[in-house]
Amino acid sequence: MRLSIKKPLTQRAFNQNMDKAVKCALIGLCSATEAVDIASDKCWQGITVEFIQAHRAREMSAVHSAATSTKNTPLLQDLNDRSWAQSLN
């Protein structure tokens, strides 16, 4: 991936990226392999813990919004839904 963006992977860059990938794993963000995969998929020049955290937050937000979406419920069920009124009692 780095060759395709004309940024050859030097030994120093490799060591820095591996250290950051291990740091992601140590803080429980993702495995080191996942960190490398995410950075490669996104065509990032390197691994940045903050970028990985932001990427994970966006993923979780997308999963949450998809789970709470009413697109998959029938219209009649949506029109008769009174679950929102239960909190008013």
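Points to keep in mind about this one:
- Here the chain was treated as a single set of alpha-carbon atoms; its pair distances binned every 5 Å from 0 give 3, 12, 16, 15, 11, 8, 6, 6, 8, 6, 4, 3, 1 percent.
- Region 1-55, relative contact order in percent, only Cα pairs under 8 angstrom and at least six apart counted: 33
- Phi-derived couplings, Karplus 6.51 cos²θ - 1.76 cosθ + 1.60 at θ = phi - 60°, listed residue by residue for region 41-55: 4, 8, 6, 6, 6, x, 9, 10, 4, 5, 5, 5, 4, 5, 4 Hz, with x used for Gly and Pro.
- Within a Gaussian network of the chain (alpha carbon springs, distance under 10 Å), most fluctuating of Ala32, Ala62, Ala21: Ala62
- Selected from Thr73, Leu9, Gly28, residue furthest toward positive end of dipole (the chain; charges at beta carbon): Leu9
- With each label modelled as a point 7 angstrom along the Cα→C-beta vector, the Arg56-Lys23 pair spans 1.4 nm.
- The order of the peptides 33-44, 74-85, 1-12 by mean Cβ neighbours within 10 Å, most packed first, is 33-44, 1-12, 74-85.
Here, each number is a calculation from the coordinates, and none is a lab measurement. Since we're looking at a predicted model, the values are computed, not measured. In this analysis, Cβ positions are derived from the backbone assuming ideal geometry, glycine residues included, and neighbour counts consider all displayed protein chains.
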